[in-house]
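The values are calculated or read from the model by the stated rules, or taken from the named source; none is laboratory data. Owing to the predicted nature of the structure, the values given are computational and were not obtained by experimental measurement. A quick note on method: Cβ atoms are made from the backbone with ideal geometry, for glycine too, and the neighbour counts reach across all protein chains shown. These area figures cover heavy atoms from the full protein model, side chains too; ligands, DNA and RNA do not enter into them. Shrake-Rupley method; radii C 1.70, N 1.55, O 1.52, S 1.80 Å.
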Amino acid sequence: MEKTHASLSRRTFLTGAVTAGAVAAMGGLAGCSSPKSKSSDTSASKSGSGSTGSDQSWLGSAPQISDADCSEVLSVDVVVVGAGTGGYFAAGTSAENGMKTLLIEKSGAGDGIRSSALGAINSKAQQAQGVKIDKTSIVNDIDRYGDGHVNVPLINQWANNSGEAIDWYTDILAKNGIDVQLEWNMPEGTFYTDWPTGHGTNGGSYTDREPKVAKIMDAYITSFPGCEERFHTPMQKLIVEDGKVVGLYAKDEDKGSYIRINASKGVIVATGGYAFNEDMYAARQSTRMSGLGTFGGFPTCTGDGIKALMWIGAQIDDVPTSLSFNRCLLRSDQQLGDPFSTGDDFGYFFYSSQPFLRVDNEGNRFHNESAPYDYVLSASSRRPEGDRFWHQIWDANWKDDVTRFHTVGCSTLVYREGADHDAIPGGLDSYVEPEMEEFVEAGFIQKANTLDELADKMGITDKKNFLATCETQNKNYDAQSDPEFGKEAFRLSALKTPPFYGTTRSSGLTLCTLDGIKTNATYQPYGDDGSVIDGVYVIGNDCGGFYAGTYPNTAAGLNAGRCATGGRQVAKMLATK
């Protein structure tokens, strides 16, 4: 493959967490225009995601479609909207339980099931390794990250049922020659508790893995009598009769005609959130957007399901939330806050999630670098717009440092027993170091023989202050103590050995949105009068209540795991109706 500025290394393709870089370099972002509206609000919420405000111009109105406009009427027990992680789990479970199931998807193929990790507790893989996660502890941890704004009974649904959901999936893949491997080797003594929840999918490179799994699930679903899938078939709106959702209107884009789909047991909405709806994201998450260098994820996730539900009275979360990584590199001439127009002109640096020193453009350290990925974006949001980037600093001993840091989940760089399934033996030499030097050449990283020279190359505005910060960093390392921010001693690093490295402009990238429709514990949306809307269920990133303001990546695969578990649980509930 021809090299682009995004520098798609072997690791980039192997790691499920790097969808943003892969999508961007393959053109998934190239066609995006700049956001049509941006808020001038520079205030930040607790998480840095920004206030939702009152602007809902993005919502629009439901299209005017009637039965008379339809060339076809289908009647099924269950219709699932969206062939992603949640949708596939829902449709597969529905089909095997004897329900006539239709899975519809707006794109030409299923997005697949997240391969980097599916978060679960009490799976057979965990039991085999002697891994025991206290349900109450992890649920309370998630609740604490959400400042109590979350729906704890909904989180309990994941905690109580995720192990069985992943076991079911593991068995299906095993029959097709693909392993699901548990990451169980966690570091000790971390302030932000790491949980051994990640179940990652092997079976080839990252770009091949999820499409391969999608085909396996396609075959599984359609192997059951009366069960069908239709692609190029986007939902247009839900059909409500006598206060109950009875089906939906969809469009057959291949024929250019509308379809009415009746669902006697229920409609399951799983369209993946609104990460690629520029107006919606700019309106709801303006502060987070101001710290982004690019956007990742699936371009098909444009809020279709959320809008369709809101058109019939459902309510969206009050607190905006994104799943954002700290891995986007820009050059000095590139600005933050216009992530939809960056295209492939950025550096996806997986290494950026390592807890090295981070400073602002005046050379000040400003947060605990060992915190969850998006905390650096939240901390940076206190600065004026346009200045919400940071510099990450390390020296020639970085290979020893990252080995000692023992990060987990999709930030894993070092192969060890029980590590993330995508960790590659010898990877520091074979892919990380060459990629680092490529980014130096491209201007995304600066390299110097002295810290003084490095400050000049990065454009630090207060060199004296920067050098003092580096001196403090070395003193903290020698003392094995971080009195300013409390980073764990084993994650401190020195700046003593040249050459020295620093990112030109580090920024964030968002993979998906996590603020969705408010539901009860059984995934049924609440209407504007507070009552449950019957006949429809919301899962995956369309479903709210699981997070508020931040994504706690300390439980690897948590979001994909809750999508998977929700899909399976709703289908099992519908089978009993």
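State whether one or more residues within region 161-170 are under 30 Å from Ser75 (Cβ atoms) and assigned to a loop (DSSP other than H, G, I, E, B).
Looking through region 161-170, none of the residues is under 30 Å from Ser75 (Cβ atoms) and assigned to a loop (DSSP other than H, G, I, E, B).
Let's see how each residue does on (1) in contact with a helix residue (DSSP H, G or I) (Cβ under 8 Å, 6 or more places away or on another chain); (2) of a type in the set (A, V, I, L, M); (3) modelled with pLDDT of 95 or more:
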site: Tyr274; (1), (2), (3): yes, no, yes
site: Asn277; (1), (2), (3): no, no, yes
site: Ala283; (1), (2), (3): no, yes, yes
site: Arg288; (1), (2), (3): yes, no, yes
site: Gly297; (1), (2), (3): yes, no, no
site: Ile306; (1), (2), (3): yes, yes, yes
site: Trp311; (1), (2), (3): no, no, yes
site: Asp318; (1), (2), (3): no, no, yes
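Of the numbered conditions (1) open to solvent by 10 Å² or more (accessible area, probe 1.4 Å); (2) modelled with pLDDT of 95 or more, Ala165 satisfies every one except a single condition; which is it?
It is condition (1) that Ala165 fails.
Quick check on region 396-405. Is at least one of its residues over 23 Å from Asp429 (Cβ atoms) and in contact with a strand residue (DSSP E or B) (Cβ under 9 Å, 6 or more places away or on another chain)?
no
Identify all residues within region 486-513 that are of a type in the set (S, T, N, Q) and either modelled with pLDDT under 95 or open to solvent by 10 Å² or more (accessible area, probe 1.4 Å) (or both); write none if there are none.
Thr497, the sole residue that qualifies.
Quickly run through region 296-311 and pick out the residues that are open to solvent by less than 10 Å² (accessible area, probe 1.4 Å) and in contact with a Cys (Cβ under 7 Å, 6 or more places away or on another chain).
If the condition is that a residue be open to solvent by less than 10 Å² (accessible area, probe 1.4 Å) and in contact with a Cys (Cβ under 7 Å, 6 or more places away or on another chain), then Gly297 is the only one that fits.
Counting just the residues of region 529-539 that are open to solvent by 10 Å² or more (accessible area, probe 1.4 Å) and in contact with a Gly (Cβ under 8 Å, 6 or more places away or on another chain), which one comes out farthest from Cys410 (Cα to Cα)?
Among those residues, the one meeting the criterion is Asp529.
Kindly indicate which of Gly347, Gly363 is in contact with a helix residue (DSSP H, G or I) (Cβ under 6 Å, 6 or more places away or on another chain) and within 17 Å of Thr472 (Cα to Cα).
Going through Gly347, Gly363 in turn, just one is in contact with a helix residue (DSSP H, G or I) (Cβ under 6 Å, 6 or more places away or on another chain) and within 17 Å of Thr472 (Cα to Cα): Gly363.
Residues checked against (1) touching a Pro at 6+ places or on another chain (Cβ under 7 Å); (2) crowded, with 24+ Cβ neighbours inside 10 Å; (3) touching a residue at least 40 places away in the same chain (Cβ under 8 Å):
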| site | (1), (2), (3) |
| --- | --- |
| Asp456 | no, no, no |
| Glu484 | no, no, yes |
| Asp515 | yes, yes, yes |
| Gly527 | no, no, yes |
| Gly557 | no, yes, yes |
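Being surrounded by 24 or more Cβ atoms within 10 Å (Cβ to Cβ), at pLDDT 55 or above and among the β-branched types (Val, Ile, Thr): is that true of Thr101 here?
When the stated conditions are applied, Thr101 passes them.
Does any residue in region 182-199 that is closer than 14 Å to Arg416 by Cβ and aliphatic (A, V, I, L, M) come within less than 9 Å, Cβ to Cβ, of a residue that is open to solvent by 20 Å² or more (accessible area, probe 1.4 Å) and assigned to a strand (DSSP E or B) six or more places away or on a different chain, and which pairs are these?
Every condition considered, the pairs that remain are Met186/Trp195.
If a residue has to be part of a strand (DSSP E or B), over 13 Å from Glu72 (Cα atoms) and not aliphatic (A, V, I, L, M) to count, how many in region 239-257 make the cut?
Of the residues in region 239-257, 3 are part of a strand (DSSP E or B), over 13 Å from Glu72 (Cα atoms) and not aliphatic (A, V, I, L, M).
Quick check on region 495-510. Is at least one of its residues closer than 30 Å to Thr565 by Cα, out of contact with any helix residue (DSSP H, G or I) (no Cβ under 6 Å at 6 or more places or on another chain) and in contact (Cβ under 8 Å) with a residue 40 or more places away in the chain?
yes
Only one of Val150, Val131, Val139 is closer than 18 Å to Pro372 by Cβ and either acidic (Asp, Glu) or assigned to a loop (DSSP other than H, G, I, E, B) (or both). Can you tell me which?
Val150
Quick check on my filter: what residues within region 238-251 are at positive phi and buried (at least 17 other Cβ atoms within 10 Å of the Cβ)?
Within region 238-251, just Gly247 meets the criteria.
Just the residues that are outside any loop (DSSP other than H, G, I, E, B) and surrounded by fewer than 21 Cβ atoms within 10 Å (Cβ to Cβ), please, taken from region 104-124.
Lys124
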